[in-house]
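Notes to accompany the following structure.
The values are calculated or read from the model by the stated rules, or taken from the named source; none is laboratory data. Predicted, not measured: the structure shown is a model, and the values here were computed from it. Because the Cβ atoms are built from the backbone with ideal geometry, glycine has one as well, and the counts that use them run over all protein chains shown. All accessible areas refer to the heavy atoms of the entire protein, side chains included, with ligands and DNA or RNA removed. Shrake-Rupley method; radii C 1.70, N 1.55, O 1.52, S 1.80 Å.
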Amino acid sequence: MPISGSHASVILQIIVKEKPAPMLAGTVSYIGRNKIMPSSNYGRGSLRRTPKKNNKNVWQYRFYYTDAFNQPVQKSIVIHATTERDAWKLARVEQLQFEAKLKTKGVIKKERRLNDLFIQYIEHIESGVEPTTIKGYQVAWNHALKKLHKVPVSQLSAQMIKDALKLYAETPVPAQQYKGNRFPAPRSNERVYTTLGTFIKWLIYEDYLDTNPMLKVRKPRIKESDRKLPATFSENEYNKYLNACSDYDKKNNTHYAVITYVSRMTGMRLGEVLALTFREIDFDNKILFVKQALNEFRELKIPKAHSQRRLMLSDSFLEVIREHLGRIEQQRQNGGIYWQDNDLLFPDQLGRYVKKGTLASQLGRIRKIINLRPELKHKNLRHTFATDLINSGFDIKTVQEMLGHKHSTTTEKHYQGLSQRSQVEVTEHLERRVITPAKAKALQDILED
């Protein structure tokens with residue numbers, strides 16, 4: 001017979017099976033003084049009176065249900081009833097309504113369209129991903145994967161994904177051509193596949209999908225002949241670019257020439273160069289520490305662990321930095337009370353961080369004035385740095401560490417092809433280094449004489 005009172009308490013025993021049912025059953029027992037009373041015949045949860053100051057007829061009902069990961073979750077409901085029997089009845093009604101609502105919510109969740117979920121996905125990752133990456137995701141989804149926009153997430157399959165990727169790869173792109181081909185470039189197909197893969201991983205994490213259909217979809221492969229290798233500056237083009245930046249600095253009191261020199265000598269990214277401070281240069285040990293980078297909004301970000309690195313410096317490089325330090329001191333005096341002392345290596349007129357997008361635009365105008373090749377951007381100085389080292393015989397591991405790549409395969413994929421020489425060059429090299437049998441015989445006769 002059930003007993004209620006201030007001395008009564010509830011013990012809930014849960015038996016979890018290998019595949020938990022939507023509702024985990026429990027046994028409710030009441031412990032009085034010195035004895036255990038019989039179990040209640042009502043409900044599957046636990047019920048106890050929790051009287052308030054102004055209302056004595058308050059009960060708390062607790063039960064368990066399974067979440068998306070089949071883990072038990074406790075739910076507590078407040079019941080208002082005069083008797084325990086009425087409290088149990090109301091509690092069971094509340095529990096059944098909650099379970100029905102939970103089941104309906106799960107069905108509705110599975111019927112949501114992929115386009116709506118992609119918008120939600122972008123909002124979820126927007127704070128932790130670079131704006132350029134977000135833009136790339138949106139372009140890939142809106143232009144390449146339109147076939148999937150209206151598909152309910154519960155109906156998504158590997159075959160649908162294959163059809164969408166195939167449709168994109170076989171649809172002509174009138175706005176641009178790749179090597180005379182009006183269809184999307186191989187790199188674009190690979191980028192679309194990667195974007196869709198990250199989106200589906202988020203769907204699985206948020207319990208919209210139970211399995212990953214991308215496991216049955218083959219990733220588009222880029223042939224080495226189709227891989228677009230980065231352009232590099234020739235020695236003449238670099239000197240021309242450096243001189244144009246120096247002329248611009250004299251007229252506008254900027255530091256573009258030194259920025260260009262540092263980018264070429266270290267292979268650093270433009271955001272890493274603009275975030276440099278004098279504290280990160282060890283003049284005694286000739287070391288430069290790369291610890292942070294600047295994004296498009298003048299905000300500092302900490303690069304990934306493999307991008308944080310240290311670079312050895314030459315005497316000529318340190319001499320350029322010392323001369324540049326004198327110009328910064330003069331700029332600080334001109335700024336007066338408005339100067340913001342951030343100890344930056346490349347500040348603007350008031351000592352603040354230079355806006356990355358503005359700098360890139362101005363450098364682009366300089367390159368256009370001196371008629372450099374359109375494919376040459378400021379970031380190609382980094383490619384030139386890597387290519388120069390590989391062609392000079394330095395191993396891939398050393399180049400990888402200086403560039404801040406996580407894997408050496410990344411370095412090989414982008415720069416290994418640039419160091420390969422044609423068979424004609426190999427033939428000329430062997431002709432210079434290996435003598436013929438006749439010459440070998442003549443040389444032997446000379447030595448014997």
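Points worth noting:
- Hits in the range 292-312 (condition: part of a loop (DSSP other than H, G, I, E, B) and in contact with a strand residue (DSSP E or B) (Cβ under 9 Å, 6 or more places away or on another chain)): Gln292, Asn295, Arg298, Glu299, Ile302, Pro303, Gln308
- For the range 145-164, filtering for residues that are touching an Asp or Glu at 6+ places or on another chain (Cβ under 6 Å) and surrounded by 15 or more Cβ atoms within 10 Å (Cβ to Cβ) leaves 0.
- Subset tally (residues that are more than 10 Å from Trp59 (Cβ to Cβ), out of contact with any Phe, Trp or Tyr (no Cβ under 6 Å at 6 or more places or on another chain) and not β-branched (Val, Ile, Thr)) for the range 79-97: 6
- Of all residues in the range 194-215 being over 15 Å from the mean Cα position of the chain (by Cα) and aromatic (Phe, Trp, Tyr), the one that is surrounded by the fewest Cβ atoms within 10 Å (Cβ to Cβ): Tyr205
- Search result, residues across the range 381-395 that are open to solvent by less than 70 Å² (accessible area, probe 1.4 Å) and not in a helix (DSSP H, G or I): Gly393
- Filtering Lys89, Lys166 for residues that are under 18 Å from Gly197 (Cβ atoms) and part of a helix (DSSP H, G or I) leaves a single hit, Lys166.
- In the condition set (1) over 26 Å from Phe283 (Cα atoms); (2) part of a loop (DSSP other than H, G, I, E, B), Leu350 is compliant with all but (1).
- Any hit, the range 85-104, residues being small (Gly, Ala, Ser) and either open to solvent by 70 Å² or more (accessible area, probe 1.4 Å) or more than 30 Å from Pro51 (Cα to Cα) (or both): no
- Within the range 239-268, being among the polar types (S, T, N, Q) and touching a helix residue (DSSP H, G or I) at 6+ places or on another chain (Cβ under 6 Å) holds for Ser246, Thr260, Ser263.
- Within the range 120-141, considering residues that are within 19 Å of Gly271 (Cβ to Cβ) and open to solvent by less than 60 Å² (accessible area, probe 1.4 Å), the one modelled with the lowest pLDDT: Glu130
- Hits in the range 251-284 (condition: open to solvent by 20 Å² or more (accessible area, probe 1.4 Å) and of a type in the set (S, T, N, Q)): Asn252, Asn253, Thr254
- Qualifying residue in the range 318-336 (condition: open to solvent by less than 20 Å² (accessible area, probe 1.4 Å) and in a strand (DSSP E or B)): no
- Any hit, the range 233-242, residues being assigned to a loop (DSSP other than H, G, I, E, B), under 20 Å from Leu344 (Cβ atoms) and either at pLDDT 90 or above or open to solvent by less than 50 Å² (accessible area, probe 1.4 Å) (or both): no
- Counting the residues of the range 313-350 that are of a type in the set (Val, Ile, Thr) and either without any contact (Cβ under 8 Å) to a residue 12 or more places away in the chain or out of contact with any strand residue (DSSP E or B) (no Cβ under 9 Å at 6 or more places or on another chain) (or both) gives 2.
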